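The values are calculated or read from the model by the stated rules, or taken from the named source; none is laboratory data. What you see is a predicted model; the values in this text were computed from it and never measured. Ideal geometry is used to build each Cβ from the backbone, glycine not excepted, and the neighbour counts take in all protein chains shown. The accessibility values were calculated without ligands, DNA or RNA, using every heavy atom of the protein model including side chains. Shrake-Rupley method; radii C 1.70, N 1.55, O 1.52, S 1.80 Å.
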Amino acid sequence: LAEPPTQSELPDRSEPPVNYIDEAIQLSLHKLGLSPSPPADDAAFLRRAYLDLTGSLPTLKETRRFSTTDAASKRSDLIDELLASDRFIDYWTLQFAKLLRIRPLPQDQLGMNAYHSWLREQIQSGASYREMVRTLILATGDSHEYGPANFYRGFSGPREQAEFVSETLMATRLRCANCHNHPLDRWTQDDYHGLAAIFAKVDAKQQVRLKPTGQTIHPATREPASPKIPGGHYMDKTPSDPRHDFADWLTDTENEFFAKALVNRLWKSLMGRGLVEPADDFRTTNPATHPELLNQLAHDFVSNGYRLRHMLRQIANSRAYQRGKATAINAVDDAFYSHSLPRRLAPEVMADAISDVLGAHEQYGDTPLGTRAISIVNPQQPSESLDILGRCGREESYEAQPPPANGLAQTLHRFNGKLLNARLRATGSR
């Protein structure tokens, strides 16, 4: 391996940090002897900001307006504008719909529609992520009318619900402790089945309600498992609703998983790699690349009311986010943010980009012509293009099994399939 360059060999690209993010990243780069890339030019930044914050390419009009603006604050002004846009709402509703696995159940789309509508309202209003999660965990009612009740539907039992909750809200793969204590972390079978016992108290039919007699069997004791906070205390065996204790513990400002799990996912969405990677695998044997920065991000998120837009604004305004592509000196860096990392566009974003560039929209099932892929509620809406591009059906976590970036079938479709060719030949297409 080549030795890193000495400080005297590095080009001088010292820049005043914009915020604590830059301070942390610059400190690590200095320690590693890595020189950061210069800032991305306006065209690259514009495209990046639009894609990351709205899932859309900028229009020609928007590009010309930005390129002819000389204001020193034009980048931060653009970030604020995008965060306030309708496309931001559409795109981040999609992001959270994937995370929460919002999908239709067999012969039942009403619950999905109610769930998606509720989620979009939360993103639009800038609701606290903490309050969103508490609402989901404590939800009961008719799932066709009350969207959050669908949080408990679509799982085969309380164990699968516990796995989903731990991976989604704690970024912890508790499923590894189902049959035995976790081999690489502190979690035990009691933690796994204790969390499952909490959700066994929920009857997850169309009418979601409490089921006081619900239980799950601990495989080691062959007895009903006692509800238990992961890594914490056992609850009374007959609590009226053990979800309250769990929700209080999970969303406590001192909880070591909750805020970090979400800010790490937001960081990954904008930066191309999580501070902890994979993003759903927080464990002692998989530490963050920048543990102190992860703590600072989580503290900032909590201190500012668990607001999504605030966290995205902080990241997008940083110099670390706005860097250009790799240089000969830092090209080997794939984890410390000395340069921007290339990222694969989400299938829905790529589909919309194809439509925008070619000037020819695709019909998605029975949706009106012109409907954007990022706005589609049903992930099973018929679409050969989205299938080719590798969309997620949401039965499992999209983080656990990401589609291949350049699979053979996808590459052949781009070269010689109707994914592009049909619209290249369409009347009125560019």
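For the stretch 345-355, the condition of being open to solvent by 80 Å² or more (accessible area, probe 1.4 Å), more than 30 Å from Asn19 (Cα to Cα), modelled with pLDDT under 95 and of a type outside the set (Phe, Trp, Tyr) holds for none of the residues. So if I check each of Asp191, Asp203, which one is surrounded by 20 or more Cβ atoms within 10 Å (Cβ to Cβ) and out of contact with any Leu (no Cβ under 6 Å at 6 or more places or on another chain)? Step by step, each of Asp191, Asp203 is checked, and only Asp191 is surrounded by 20 or more Cβ atoms within 10 Å (Cβ to Cβ) and out of contact with any Leu (no Cβ under 6 Å at 6 or more places or on another chain). Considering the stretch 7-108, the qualifying helices (runs of 4 or more DSSP H), each wholly inside and each with 2 or more residues that are among the aliphatic types (A, V, I, L, M), run over 20-32, 42-54, 74-83, 86-99.
Scanning the stretch 357-380 for any residue that is of a type in the set (D, E, K, R) and without any contact (Cβ under 8 Å) to a residue 24 or more places away in the chain turns up at least one such residue.
Test Ser76 against the stated conditions and say whether it is among the polar types (S, T, N, Q), under 26 Å from the mean Cα position of the chain (by Cα) and open to solvent by 70 Å² or more (accessible area, probe 1.4 Å). For Ser76, the condition - among the polar types (S, T, N, Q), under 26 Å from the mean Cα position of the chain (by Cα) and open to solvent by 70 Å² or more (accessible area, probe 1.4 Å) - is not met.
In the list Ala162, Ala171, which residue meets the criterion of being part of a loop (DSSP other than H, G, I, E, B) and either within 22 Å of Ile229 (Cα to Cα) or out of contact with any Ser or Thr (no Cβ under 7 Å at 6 or more places or on another chain) (or both)? Testing whether each residue is part of a loop (DSSP other than H, G, I, E, B) and either within 22 Å of Ile229 (Cα to Cα) or out of contact with any Ser or Thr (no Cβ under 7 Å at 6 or more places or on another chain) (or both) leaves just Ala171. Please verify whether Leu262 is touching a residue at least 24 places away in the same chain (Cβ under 8 Å) and under 22 Å from the mean Cα position of the chain (by Cα), treating the condition exactly as stated. For Leu262, the condition - touching a residue at least 24 places away in the same chain (Cβ under 8 Å) and under 22 Å from the mean Cα position of the chain (by Cα) - is met. So, Glu256, is that one surrounded by fewer than 15 Cβ atoms within 10 Å (Cβ to Cβ), part of a helix (DSSP H, G or I) and out of contact with any Phe, Trp or Tyr (no Cβ under 6 Å at 6 or more places or on another chain) or not? When the stated conditions are applied, Glu256 does not pass them. What number goes with the only condition from (1) surrounded by fewer than 18 Cβ atoms within 10 Å (Cβ to Cβ); (2) in a helix (DSSP H, G or I); (3) not acidic (Asp, Glu) that Lys325 does not pass? Just one mismatch for Lys325, condition (2). Can you tell me which residue within the stretch 175-187, out of those that are open to solvent by less than 40 Å² (accessible area, probe 1.4 Å) and not in a helix (DSSP H, G or I), is nearest to Glu163 (Cα to Cα)? If we take residues in the stretch 175-187 being open to solvent by less than 40 Å² (accessible area, probe 1.4 Å) and not in a helix (DSSP H, G or I), then Asn178 is nearest to Glu163 (Cα to Cα).
Number of residues in the stretch 31-49 that are closer than 25 Å to Met311 by Cα and either out of contact with any Ser or Thr (no Cβ under 9 Å at 6 or more places or on another chain) or open to solvent by 10 Å² or more (accessible area, probe 1.4 Å) (or both): the value is 11. The residues of the stretch 371-391 that are closer than 16 Å to Gln95 by Cβ and either open to solvent by 30 Å² or more (accessible area, probe 1.4 Å) or in contact with a His (Cβ under 8 Å, 6 or more places away or on another chain) (or both), listed by number, are Arg372, Ser375, Val377, Arg391.
Return a yes/no flag: does the stretch 363-370 have any residue that is of a type outside the set (Lys, Arg), touching an Asp or Glu at 6+ places or on another chain (Cβ under 9 Å) and open to solvent by less than 60 Å² (accessible area, probe 1.4 Å). Looking for residues that are of a type outside the set (Lys, Arg), touching an Asp or Glu at 6+ places or on another chain (Cβ under 9 Å) and open to solvent by less than 60 Å² (accessible area, probe 1.4 Å), one finds none in the stretch 363-370, hence no.
Look at the stretch 215-238: where a residue is open to solvent by 40 Å² or more (accessible area, probe 1.4 Å) and a partner is in a strand (DSSP E or B), sitting 6+ places away or on another chain with Cβ atoms under 6 Å, you get Gln215/Pro224; Tyr234/Lys228. Against the test of being open to solvent by 10 Å² or more (accessible area, probe 1.4 Å), in contact with a helix residue (DSSP H, G or I) (Cβ under 7 Å, 6 or more places away or on another chain), of a type in the set (Gly, Ala, Ser) and more than 30 Å from Gln26 (Cα to Cα), the options Ala114, Ala139, Ala97, Ala127 yield a single qualifying residue, Ala114.
Every residue, every condition in (1) touching a Gly at 6+ places or on another chain (Cβ under 6 Å); (2) among the basic types (Lys, Arg); (3) not in a helix (DSSP H, G or I), yes or no:
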site: Asp300; (1), (2), (3): no, no, no
site: His310; (1), (2), (3): no, no, no
site: Pro342; (1), (2), (3): no, no, yes
site: Met350; (1), (2), (3): no, no, no
site: His361; (1), (2), (3): yes, no, yes
site: Tyr364; (1), (2), (3): no, no, yes
site: Pro368; (1), (2), (3): no, no, yes
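Would you mention how many residues in the stretch 263-289 are of a type outside the set (S, T, N, Q) and assigned to a loop (DSSP other than H, G, I, E, B)? Residues meeting the conditions: 13.
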